[in-house]
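Only one structure is covered here, and it is reproduced in the block below.
The values are calculated or read from the model by the stated rules, or taken from the named source; none is laboratory data. Fair warning: this is a prediction, and the values are worked out from it, not measured in the lab. So basically every Cβ, Gly included, is an ideal-geometry build from the backbone, and we count neighbours across all protein chains shown. Heavy atoms of the whole protein, side chains included, go into the accessibility calculation; ligands, DNA and RNA do not. Shrake-Rupley method; radii C 1.70, N 1.55, O 1.52, S 1.80 Å.
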Amino acid sequence: MNGRSNRAINQMTKTVLIVGSGSRENALAWKLKQSPKVEKIFIAPGNPGTAKFGKNVDIAATDVLALADFAQKNNIDLTTVGPEDPLALGVVDEFQKRSLKIWGPSKAAAQIESSKVFSKELMKQAGIPTAEYQTFTDYNKALEYVESHFKGSVPIHRRSQPPINGHATDTQPIVIKASGLALGKGVTICQTLDEAKAALNDAMVKKIFGESGSEVVIEEFLEGMEFSAHAFSDGKNFRLLPCSQDHKRIFEGDQGPNTGGIGTIAPLPWITQAHMDTIATTIVAPTLKALQEQGSPFVGLLYPGLIMTKTGPKVIEFNCRFGGPECESYMRILKTDLLDILEACVEGKLNELKIEWHETYACCIILCSKGYPDNYEKGLPISGIEEAEKLDDVIVFHAGTMIQDSIIVTNGGRVLGVTAVADDLKTALDKAYAAVKLIHFDGMHYRTDIGAKSLSTKD
Ligand code: AMP
Ligand code: GLY
């Protein structure tokens, strides 16, 4: 009897494929495993953490054709995509062409993340609050622009603070972004003209981000607390998740280079219902409407990265998938069956589903390899994961790990995501940090101030 006829005995159960190999996908596998409707989980390519909840399949997340072949051969009922690269490559379009169910945006809708120029133009047209900007494909024109900004000869940007004597001041930073995907590294906040020149040279001349930097967006620096909104969408209807906060810089106090994200908390104690309503009506609803009107409705998870400015939340970027490590915190507080949510999105029935959350706080502390986000060593033995997971309310998700000679060793920059939940944020953080202390690998680095800013922020 093959898998399909087996499942015919119980129409309710489903086989799911998760695409990706990080702690985000480990968290998705952990949550889906709890669904009574999920019979079997495959993860492509997965990691030693995902192997606890399903079967890892040796297919790269970016091998779109091989993923679709696998889904066809193995009667996958629903595929869910973690990272942005397969979405930007059109994995959803390929699956749909073969009538395979998949959760995530089409290649056209995924441009909201894969092209900063696309997303900035969409925001401008739809009137979504964001930083003022200009785009450039010509290095000399971009250079001229930053020179005039730092000389203060033209009022380049609308400011949150009025410019002194109507002129730009040389203290106002400027943000230079490679337009395409650059693993979260294509953004430079430039305090001086020299820094801006170096950033333009890196992106447009040296092409350190490859073709991603052929076009750059230069934008106004927004001041305020950075945080993440997330919304499930079925193309027409959406449901906001609670807000969360990532910590992107490698060192305490938001110092050092940007990373893919190394610590999250959710929900945020300082976010009010009024903030949520503003995010829904001024950011998420008009973005989804604009995409729908363009003929590319967005199905999946829309993740606006936001800054809470003095005049309200403004978008610094859109992502077309779950944030990592936001997802790890979210999965710990999500009450509703994740499969029901994914299916409601794909079937256009999100308006029929009530999504519930536990009334707890969650956090995720990422343990990184020494040297990340630059060069780092791999293959270092990791100890203490089991001991850490014996602590109440702690779960350790794997990101960059692998098994070598029967032991778990490091295999990436972000190695593990240590999560905890509690009735209040401070206790959740204390529990996670107690678990972190039990884990060891050579050079292990983590931030000791995850959540600290939000804990000290009053509405
Ligand atoms: P992005 O890849 O666009 O999210 O940018 C990476 C990081 O740069 C963000 O997480 C912010 O911390 C910062 N950033 C990006 N754009 C701006 C901006 N316009 N103003 C202030 N900070 C920014
Ligand atoms: N939280 C950062 C990211 O997922 O891009």
Quiz item: Just one of Glu252, Glu326 is in contact with a Leu (Cβ under 9 Å, 6 or more places away or on another chain) and either among the hydrophobic types (A, V, I, L, M, F, W, C) or within 26 Å of Ala452 (Cβ to Cβ) (or both); which is it?
Solution: Glu326
Exercise. Could you please let me know if Thr259 is touching a Pro at 6+ places or on another chain (Cβ under 8 Å) and within 16 Å of ligand 2 (Cβ to nearest atom)?
Key: yes
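Any residue at all in the stretch 354-361 that's surrounded by 19 or more Cβ atoms within 10 Å (Cβ to Cβ) and closer than 21 Å to Ala229 by Cα?
Our first condition is that a residue be surrounded by 19 or more Cβ atoms within 10 Å (Cβ to Cβ); within the stretch 354-361, this holds for 360-361.
Now narrow it down to the ones that are closer than 21 Å to Ala229 by Cα: 360-361.
Yes, the conditions are met somewhere in the stretch 354-361.
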Quiz prompt | Subset of the stretch 362-403 [open to solvent by less than 80 Å² (accessible area, probe 1.4 Å) and without any contact (Cβ under 8 Å) to a residue 40 or more places away in the chain] | solution = Gly379, Asp393
Practice problem: Could you tell me which numbered condition Ile262 fails, if it satisfies all but one of (1) among the hydrophobic types (A, V, I, L, M, F, W, C); (2) buried (at least 17 other Cβ atoms within 10 Å of the Cβ); (3) over 19 Å from Ile316 (Cα atoms)? | Solution: (3)
Quiz item: In the stretch 160-178, what residues are surrounded by 16 or more Cβ atoms within 10 Å (Cβ to Cβ), of a type outside the set (A, V, I, L, M) and modelled with pLDDT under 80?
Solution: Ser160
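Out of everything in the stretch 133-159 that is open to solvent by 70 Å² or more (accessible area, probe 1.4 Å) and touching a strand residue (DSSP E or B) at 6+ places or on another chain (Cβ under 7 Å), what residue ends up being modelled with the lowest pLDDT?
Step one: list which residues in the stretch 133-159 are open to solvent by 70 Å² or more (accessible area, probe 1.4 Å), which gives 134, 137, 140-141, 144, 151, 153, 155, 158.
In the following step, the residues that additionally are touching a strand residue (DSSP E or B) at 6+ places or on another chain (Cβ under 7 Å) were identified as 134, 158.
Numbers: Gln134: 90, Arg158: 41.
Here the answer is Arg158.
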Quiz prompt | Odd one out for Glu223 among (1) within 14 Å of ligand 2 (Cβ to nearest atom); (2) over 27 Å from Lys289 (Cα atoms) | solution = (1)
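In the stretch 421-459, what residues are among the small types (Gly, Ala, Ser) and either under 17 Å from His247 (Cα atoms) or in contact with a helix residue (DSSP H, G or I) (Cβ under 6 Å, 6 or more places away or on another chain) (or both)?
Here is the first cut: in the stretch 421-459, the ones among the small types (Gly, Ala, Ser) are 422, 428, 432, 434-435, 443, 451-452, 454, 456.
Passing the criteria: Ala422, Ala428, Ala432, Ala435, Gly451, Ala452, Ser454, Ser456.
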Quiz item: Which residues, counting only those in the stretch 73-92, are farther than 13 Å from Phe42 by Cβ and open to solvent by 10 Å² or more (accessible area, probe 1.4 Å)?
Solution: Pro83, Glu84, Asp85, Ala88, Leu89
Quiz item: What number of residues within the stretch 212-253 satisfy the criterion of being within 11 Å of ligand 1 (Cβ to nearest atom), of a type in the set (Phe, Trp, Tyr), open to solvent by 50 Å² or more (accessible area, probe 1.4 Å) and assigned to a strand (DSSP E or B)?
Solution: 0
